[in-house]
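Note sheet for the following structure.
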Amino acid sequence: MAVYQIAGPAFELTANSTPATGDITFSEVTGNLGGGKTPLFLKVTNSSSTVPVRFDANTAVLTVATAGTIIGAGQTEFIQVLGSGSFTTVYVAASAGSAVSVYITPVAIVG
């Protein structure tokens, strides 16, 4: 990962055995992403030093986090959720074995 530009506000989900869900809408992204010209990535940070998190993102509403990416304890992953076409709402879900704060930031990779 080289350089990224923050493309919207960061938000927190509390992953637990009951999945936490959220979304990123068109009005929440900034810069050139507003026109839907740049791929959208999510910078996802697992704040726990011991508990892994299962994270999923999709353009369809999510109620569970059963597919997607496992983010190790204390790790950050960059996950591409949209290509360079029109922007659509991105839905996210996170779950873990115990309560863990997961921080999600929409970003554009610029270099």
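The table below gives the values:
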item: Residue selected from the stretch 80-111 under the condition in a strand (DSSP E or B) and not hydrophobic (A, V, I, L, M, F, W, C), by the criterion surrounded by the fewest Cβ atoms within 10 Å (Cβ to Cβ); result: 80
item: Residues within the stretch 73-87 that are hydroxyl-bearing (Ser, Thr, Tyr) and touching a residue at least 40 places away in the same chain (Cβ under 8 Å), tallied; result: 2
item: Residues of the stretch 1-23 that turn out to be outside any loop (DSSP other than H, G, I, E, B) and more than 11 Å from the chain's Cα centre (by Cα), as a count; result: 7
item: Residue 48, sole failed condition from (1) crowded, with 18+ Cβ neighbours inside 10 Å; (2) at pLDDT below 85; (3) assigned to a loop (DSSP other than H, G, I, E, B); result: (2)
item: Scope the stretch 59-79; condition closer than 21 Å to residue 27 by Cβ and surrounded by fewer than 15 Cβ atoms within 10 Å (Cβ to Cβ); matching residues; result: 59, 60, 61
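The values are calculated or read from the model by the stated rules, or taken from the named source; none is laboratory data. The structure displayed is predicted, hence computed values, not measured ones. Counting neighbours? That spans all protein chains shown, and the Cβs are built from the backbone with ideal geometry, glycine included.
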